[in-house]
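Worksheet: one structure, shown below.
The values are calculated or read from the model by the stated rules, or taken from the named source; none is laboratory data. On a predicted model such as this, the values are computed, not experimentally measured, just so you know. All Cβ positions, even for glycine, are placed from backbone atoms using ideal geometry, and neighbour counts span all protein chains on display.
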Amino acid sequence: MKKITLLFIPVLLLSIFSCGGKTPDNKKSTKEKSDSLFAEMDSLKQKKTDKEKEETNDSLSTDEKFFFNAFHSSRFEVMLGELALKKGTVKIKKIAEMIIKDHQLMMDELEQIGKSKHLKIPRILDNKHQNKYSDIAKLDSVKFDKKYAETMVKGHEENIKMFEDEMAAGEDKDFTKFASVKLATLEEHLHMAKSVDANVKK
């Protein structure tokens, strides 16, 4: 009986130490899991912060609204100008070429500024400008000339006001500077558009 007891004691001790040894590992494993979970949560928060802001966002600032409106307007001018080179007469092609060049440059510069502000760059026209484009694209050459010139006058009057509003109320210096620098280009376009508009109506 003594021999059996003596043999049993080492086994019992080994079992105790073995069970006791698992406790720190379990604690460590739980802590690692907890740390990993918090790290993942922090990563998700960071991704949310870094996500590009879209134009449908309800919390857009005055400057961000200006960015999206100016970008769509310039894209519309470029697309309509390209259409004018195909469908229009010689009376409107000169101004169309100038508008394509200048507004493409505006788009490129706006895209650079927008990316630096984590704003999502629009890849298609908004509904307002797309509907206008579709309606004008249906017209024949003579009607197209008149509508194109008329649209350029009205569009640049609206753009000038938009840029002046940004200069007055904008808070982001990159956007207000852009508006200030490009205002003269828009005024030149408007002057030419009025001249072309008068010419095509003769």
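Observations, loosely collected:
- None of Lys27, Lys53 is in contact with a strand residue (DSSP E or B) (Cβ under 6 Å, 6 or more places away or on another chain) and at pLDDT 50 or above except Lys53.
- Any chance Leu80 is under 26 Å from the mean Cα position of the chain (by Cα) and in a loop (DSSP other than H, G, I, E, B): no
- One residue from Glu157, Glu97, Glu166 being charged (D, E, K, R), within 16 Å of Ser73 (Cβ to Cβ), touching a helix residue (DSSP H, G or I) at 6+ places or on another chain (Cβ under 8 Å) and surrounded by fewer than 20 Cβ atoms within 10 Å (Cβ to Cβ): Glu157
- The residues of segment 111-126 that are surrounded by 14 or more Cβ atoms within 10 Å (Cβ to Cβ) and either assigned to a loop (DSSP other than H, G, I, E, B) or in contact (Cβ under 8 Å) with a residue 60 or more places away in the chain (or both), listed by number, are Ile113, Lys117, Leu119, Lys120, Ile121, Pro122, Leu125, Asp126.
- Count of residues meeting criterion [over 21 Å from Gly114 (Cβ atoms) and surrounded by fewer than 18 Cβ atoms within 10 Å (Cβ to Cβ)] in segment 169-189: 3
- In a residue-by-residue description of segment 126-146, the property of being in contact with a Leu (Cβ under 6 Å, 6 or more places away or on another chain) and under 21 Å from Glu188 (Cα atoms) applies to no position.
- Counted residues, segment 52-85 - those being surrounded by fewer than 15 Cβ atoms within 10 Å (Cβ to Cβ) and among the hydrophobic types (A, V, I, L, M, F, W, C): 1
- Checking each residue in segment 127-172 for being among the charged types (D, E, K, R), under 27 Å from the mean Cα position of the chain (by Cα) and modelled with pLDDT of 95 or more picks out Lys132, Asp135, Lys154, Glu157, Glu158, Lys161, Glu164, Asp165, Glu166, Glu171, Asp172.
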